[in-house]
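Each remark here refers to the structure printed beneath this line.
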Amino acid sequence: MGEIDDAIERADREAFTKDPPKTLKGQIGFLLKQFGSAKAVAQELGVTADSVNRYRRGARKHARADVAAKIDDAVKARWQPLVRKRRQKQAAASGGITVETRARFGYTSSAGSTDDGRFRRLTVHLPAAYAQQLFDARDAGASDQDMRGIIAEGFKEVYFQDGGGRAMGLSDVEINDIDYLDLDY
């Protein structure tokens, strides 16, 4: 994994926005939505479909300790990916992504170039389109260098060119020697 991939993973781990259901009835209800039937949930947990239906109805308020642990594990394994997916979808649709980094930035422009980039500490909120590009690239297995390019393009537009208000001759921005990089969405 590269630095960008690690930053996305950290942001995902920090995205525990909503706790999974805690009651037995709530957990079974969630698993029923995920698996589609009491029989499928029962197979996953190693109990009968009748037991699953009793848990769902509330006829049994508590499961055996070993079954309760299996239920808890099954819920946790399926809950967080849904939360992550929802957060990423929101960032890509409207929210955007905030990138905080300390790295060496160099650029090329029509007025000349600075091959000797300098370290900058930047916190920049990139529009949703860049979040979408970043997530799509990651899902497609893009290299860390490719994902750096997406972030650099966003920095060029938002920070260096100020959304079209300055530095219009700037043609290329590079991120090198990343000291740290953190993402939030």
Per residue of segment 122-128, what does 6.51 cos²θ - 1.76 cosθ + 1.60 with θ = phi - 60° give for ³J(HN,Hα)? Whole Hz please, x for Gly and Pro, Karplus curve as stated. 10, 10, 10, 8, 8, x, 4
Sparsely packed trypsin sites (Lys or Arg not before Pro) within segment 14-54, loop by DSSP, other Cβ within 10 Å at most 15: Lys18, Lys22
Rg over Rh of segment 42-112, using C-alpha atoms and the Kirkwood radius, what does it come to? 1.41
Tell me, what ³J(HN,Hα) does each residue in segment 144-155 have, in order and in whole Hz, if you take phi through Karplus 6.51 cos²θ - 1.76 cosθ + 1.60 with θ = phi - 60° and put x for Gly and Pro? 4, 5, 5, 5, 4, x, 5, 5, 4, 5, x, 4
Identify, among Ser94, Thr108, Ala68, the residue whose Cα sits farthest towards the positive end of the charge dipole of segment 63-185, taking +1 on the Cβ of Lys and Arg and -1 on the Cβ of Asp and Glu, with the dipole about the Cα centre. Ala68
Rounded to whole Å, sorted largest first: equivalent-ellipsoid semi-axes of the chain, Cα gyration tensor: 48, 14, 12
Computed label-point distance, nm, for sites Arg86 and Asp19 using a 7 Å Cα→Cβ extension: 1.6
In segment 1-102, which chymotrypsin sites (Phe, Trp or Tyr not before Pro) fall in coil by DSSP and have 13 or fewer other Cβ atoms within 10 Å? Phe16
Please turn the phi angles of segment 32-46 into ³J(HN,Hα) values with the Karplus equation 6.51 cos²θ - 1.76 cosθ + 1.60 (θ = phi - 60°), one per residue in order, whole Hz, x for glycine and proline. 5, 5, 6, 8, x, 8, 5, 5, 5, 5, 4, 4, 5, 8, x
Per-residue ellipticity at 222 nm attributable to helices in the chain (runs of n ≥ 4 DSSP H, -39500 (n - 2.57) apiece, nearest 500 deg cm²/dmol) works out to -15500 deg cm²/dmol
Could you order the peptides 133-139, 57-63, 82-88 from most to least packed, using the average number of other C-beta atoms within 10 Å per residue? 133-139, 82-88, 57-63
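Values quoted throughout were computed directly from the atomic coordinates according to the rules given, and no laboratory measurement underlies them. Keep in mind that this is a model prediction, so the values were computed, not measured. A quick note on method: Cβ atoms are made from the backbone with ideal geometry, for glycine too, and the neighbour counts reach across all protein chains shown.
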